[in-house]
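The values are calculated or read from the model by the stated rules, or taken from the named source; none is laboratory data. Owing to the predicted nature of the structure, the values given are computational and were not obtained by experimental measurement. In this analysis, Cβ positions are derived from the backbone assuming ideal geometry, glycine residues included, and neighbour counts consider all displayed protein chains. Quick note on the areas: whole protein, heavy atoms, side chains included, nothing else; ligands and nucleic acids left out. Shrake-Rupley method; radii C 1.70, N 1.55, O 1.52, S 1.80 Å.
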Amino acid sequence: MKKRIFSGAQPTGELHIGNYLGALKNWVALQHEYESFFCIVNLHAITLPQNPEVLKKKTLDLARIYLASGIDPQVSTVFIQADVAEHAELAWVLSCVSRMGELERMTQFKDKGKGNTERAGVGLFTYPVLMAADILLYQTDLVPVGKDQKQHLELSRDLAERFNRDYGDAFVIPEPFIPPVGASIQSLQDPQKKMSKSDENLNGSIFLLDDADTVTKKIKRAVTDSGTDIKFDESRPAINNLLTIYHLVTDKSVAECEANFDGKGYGQFKTELAEAVVEFLRPFQARVADYADAELEKILKDGAEKARAIARETLRDVYEKMGIVRLS
């Protein structure tokens, strides 16, 4: 039996190249080693207000991006979170074994609450519990996560261990998978912070559907460090970040990247980086347009049916262990 992985993304904002290099690219590789479940987590999206029509569109757009990235629906299970009601049911169960103090320590709640957590929605506060339910529902062995989500995975592990201790073994204890390179692509305008789809400065992120001219302009405007050498160096975060992007989109080794730019200036470096990113995105963008609505909906419905069968078994076991009567 293959071990299982689960991961997902919210259908909000525009996915950027950091999302691809730090997450989607790893999902594509891991799907051939693990039984893989990739979810569009649209219930998480409503922890903050959303335009209903935009949310509907972005949910399907995100599914297209998953598939265009190379996630194979014949190999992996791709589905929409809201199509599997067990996510919400298990989240309620886990909220009853969670502690207020645990959730108050979650950094994303503090960040998204923007200093006014008294007025934040309850869903924003309990978001990590729903994330735990997403993961534990599928008896997940491995969770590909970014560094900013590691704290949430630790909560998932804690809740699974607590439930298993108090009621009997019901959940696999998941382990994180954080790639050694590309786990955190930084902003082009502020290399001290992560590239973000919610960044107000649009020049900080290269979005997956940006056209060639837009990509080139953003890279040309990217900040650089003092000095002239183009080498990997964590003490020079701007150049280090740009080189990391080049390294990941070209699949050249670290040594090959540095050799390629030996003696070259920042202008030539940015030109070659822009060309490499444009060529990297070109076939992906063509594939995004390939999926008709009918084909996409069939893939998602088939995925939800498979996910639901596993989720139902997990929830049935949880209810039985807790003494919750369910006659149908």
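Results for (1) surrounded by 20 or more Cβ atoms within 10 Å (Cβ to Cβ); (2) of a type in the set (Phe, Trp, Tyr); (3) out of contact with any His (no Cβ under 9 Å at 6 or more places or on another chain), shown as yes or no for each residue.
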site: Glu175; (1), (2), (3): no, no, yes
site: Ile178; (1), (2), (3): no, no, yes
site: Gln186; (1), (2), (3): yes, no, yes
site: Lys193; (1), (2), (3): no, no, yes
site: Lys197; (1), (2), (3): no, no, no
site: Asp210; (1), (2), (3): yes, no, no
site: Thr216; (1), (2), (3): no, no, yes
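Residue under question is Lys58, and the condition is that it be within 28 Å of Ile245 (Cβ to Cβ), open to solvent by 50 Å² or more (accessible area, probe 1.4 Å) and touching a residue at least 12 places away in the same chain (Cβ under 8 Å); does it hold?
Judged against the criteria, Lys58 is not a match.
List the number of the failed condition for Val97; all other conditions in (1) open to solvent by less than 50 Å² (accessible area, probe 1.4 Å); (2) in a loop (DSSP other than H, G, I, E, B); (3) among the hydrophobic types (A, V, I, L, M, F, W, C); (4) free of Cβ contacts under 8 Å to residues at least 60 places away in the same chain hold.
Condition (4) is where Val97 drops out.
List every residue pair whose Cβ atoms sit under 6 Å apart, with the two residues 6 or more apart in sequence or on different chains, where the first one lies in the range 294-314 and is open to solvent by less than 80 Å² (accessible area, probe 1.4 Å) and the second, anywhere, is among the charged types (D, E, K, R).
Within 6 Å, the pairs are Ala304/Asp83; Ala311/Glu86.
Does any residue in the range 316-328 that is over 12 Å from Asp169 (Cα atoms) come within less than 8 Å, Cβ to Cβ, of a residue that is surrounded by fewer than 15 Cβ atoms within 10 Å (Cβ to Cβ) and among the hydroxyl-bearing types (Ser, Thr, Tyr) six or more places away or on a different chain, and which pairs are these?
If the second residue must be surrounded by fewer than 15 Cβ atoms within 10 Å (Cβ to Cβ) and among the hydroxyl-bearing types (Ser, Thr, Tyr), no pairs are left.
Tell me yes or no: at least one residue of the range 96-105 is touching a helix residue (DSSP H, G or I) at 6+ places or on another chain (Cβ under 6 Å) and either polar (S, T, N, Q) or at pLDDT 95 or above (or both).
So far as the range 96-105 goes, yes, one or more of its residues are touching a helix residue (DSSP H, G or I) at 6+ places or on another chain (Cβ under 6 Å) and either polar (S, T, N, Q) or at pLDDT 95 or above (or both).
Sort out which residues of the range 1-27 are of a type outside the set (Lys, Arg) and surrounded by fewer than 19 Cβ atoms within 10 Å (Cβ to Cβ), and write them in order of number.
If the condition is that a residue be of a type outside the set (Lys, Arg) and surrounded by fewer than 19 Cβ atoms within 10 Å (Cβ to Cβ), then Met1, Gly13, Glu14 are the ones that fit.
Of the conditions (1) modelled with pLDDT of 95 or more; (2) open to solvent by less than 50 Å² (accessible area, probe 1.4 Å), Gly182 clears all except one; give me its number.
(1)
Can you tell me which residues in the range 36-84 are in a loop (DSSP other than H, G, I, E, B) and of a type in the set (Gly, Ala, Ser)?
If the condition is that a residue be in a loop (DSSP other than H, G, I, E, B) and of a type in the set (Gly, Ala, Ser), then Gly70, Ser76 are the ones that fit.
Which members of the range 30-53 meet the condition of being closer than 20 Å to Pro73 by Cβ, open to solvent by less than 60 Å² (accessible area, probe 1.4 Å) and of a type outside the set (Asp, Glu)?
Correct list: Leu30, Gln31, Tyr34, Ser36, Phe37, Phe38, Cys39, Ile40, Val41, Asn42.
Mind listing whichever residues of the range 238-266 are without any contact (Cβ under 8 Å) to a residue 60 or more places away in the chain, open to solvent by 30 Å² or more (accessible area, probe 1.4 Å) and not polar (S, T, N, Q)?
Within the range 238-266, Asp251, Lys252, Val254, Ala255, Glu256, Glu258, Ala259, Asp262, Gly263, Lys264, Gly265, Tyr266 meet the criteria.
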